[in-house]
Amino acid sequence: MRAQGVVFDAYGTLFDVFSVTRVCEQLFPGYGERLAQAWRAKQLQYSLLRAAMGRYENFWRLTPDGLTFASRSLKLNLTPAARDQLMNAYLTLAPFSDVQPGLTALRNLGLRLAILSNGEPKMLAAAVMSADLDHLLDETISVDEIGVYKPSAEVYALAPSRLGLDVKALLFVSSTSWDVCGAASAGFTTCWIRRAADDPPEELGFTASHVIGALTELPALLEQ
Ligand code: LAC
C-alpha cells in the first residue's frame with residue numbers, strides 16, 4: 001500500500017493499558033490482573049453505553065467510573081487515595097516495546113503519523129510525553145473535540161481533515177477489532193495489530209485489510 005500517513009489508536013495499541021496491573025496488584029494483592037481487566041472492559045463499555053445514551057462524558061471522567069464499578073464487582077475497597085494512584089498510573093502507561101522503533105521507521109519513510117483516540121486531550125498528552133512519542137507524531141487527535149466516541153464515523157473523519165490527506169492515503173492501525181471495523185466502515189484501509197494473539201476478530205461485517213503482530217512490520221507492508 002502506498003500510504004502518506006498512518007493513524008493509530010492509542011490505548012491498547014501504542015500504550016499498554018495493562019501496565020496498570022502492577023499498581024493494581026500492589027494495592028489489591030491477588031486481584032491485580034482481574035481488576036485491570038475488569039477496569040478496561042468497563043471503561044470501553046461505558047464509552048459505548050454513553051454514546052448509545054447520547055450522554056457523552058470525557059474519557060478522563062469515565063475511566064474512574066469504570067474503576068469504581070470494577071472494584072465494587074470484585075468487592076474491593078477502593079479508597080480515594082487508591083483511586084488517584086491508579087488514575088495517575090494511566091498518565092504514564094508504558095508503550096509497547098515495538099512502538100518507538102516502529103514509529104521511528106515510519107517517520108524515516110516520510111509518513112505523517114497521528115493518534116486518533118477516545119482519550120481526553122490532557123490524558124493523551126501526558127501519556128505521549130511520558131512514552132517520549134511527541135517528536136514522532138504530527139497530530140494527537142481526541143474525540144473530545146466533537147464529543148462523540150469511536151466507532152462513530154464522525155470520529156474517523158477527523159483524521160483526514162486534521163492531516164490534510166485523503167482517507168485513501170491513510171492507513172488506520174488498531175489492536176481493537178471493533179475499532180478496525182469502525183475505521184473500515186468509514187472508508188479507511190485498516191491494519192489490525194493482534195496484541196492478544198488468541199483474540200478472534202469481531203463479527204461486524206468488516207475485515208482488516210492487513211493483520212500484523214508488531215508495529216515494526218508496518219514499514220515493509222507500506223513499501224509493498
Ligand atoms: C482509544 C481506545 C478505544 O484509544 O482504546 O481510542
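Which longest uninterrupted range of the chain lacks any trypsin sites (Lys or Arg not before Pro) assigned by DSSP to a loop state (not H, G, I, E or B) and surrounded by at most 13 other Cβ atoms within 10 Å? Write down the numbers at each step before the final one.
Values: sites that count: Arg2, Arg55, Lys75.
The longest uninterrupted stretch comes out as 76-224.
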Trp60 accessible area, 1.4 Å probe, all protein chains in place, Å² to nearest 10: 80
Average Cα contact separation per residue, the chain, under 8 Å, 6 or more apart, as relative contact order %: 26
Among Ala125, Ala197, Ala38: highest mean-square fluctuation, GNM of the chain, C-alpha pairs under 10 Å: Ala197
For the chain, calculated [θ]222 nm from helices alone, where every DSSP H run of n ≥ 4 adds -39500 (n - 2.57): -13000 deg cm²/dmol
Environment charge of Tyr56, counting only residues whose C-beta is closer than 9 Å and scoring Lys/Arg +1, Asp/Glu -1: 0
Backbone HN-Hα couplings from phi across region 162-178 [Karplus 6.51/-1.76/1.60, Hz, Gly and Pro as x]: 6, 8, x, 10, 5, 4, 5, 9, 10, 10, 9, 10, 8, 8, 9, 4, 5
On Cα atoms only, tilt of 32-53 relative to the major axis of the chain in degrees: 70
Where Thr63, Thr104, Thr207, Thr92 fall by accessible area, highest first, once all protein chains stay in place (1.4 Å): Thr207, Thr92, Thr104, Thr63
Where the Cα pairs of the chain fall when distances are cut into 10 Å bins, in %: 8, 34, 37, 17, 4, 0
Projected label distance in nm at Leu136 and Tyr56, using a 7 Å step from Cα toward the beta-carbon: 2.9
Listed residues Pro29, Pro121, Pro95, most fluctuating in the chain (Gaussian network, C-alpha, under 10 Å): Pro29
Rounded accessible area of Asp16 (nearest 10 Å², 1.4 Å probe): 40
Cleavage-rule hits, GluC sites (Glu not before Pro), region 12-70, DSSP coil, Cβ neighbours within 10 Å at most 10: none
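The values are calculated or read from the model by the stated rules, or taken from the named source; none is laboratory data. Because the structure is a prediction, the values reported are computed rather than measured. Cβ sites come from the backbone with ideal geometry, for glycine too, and all protein chains shown count toward neighbours. Each accessible area value is taken on the protein alone, full model and side chains, heavy atoms only, with ligands, DNA and RNA left out. Shrake-Rupley method; radii C 1.70, N 1.55, O 1.52, S 1.80 Å.
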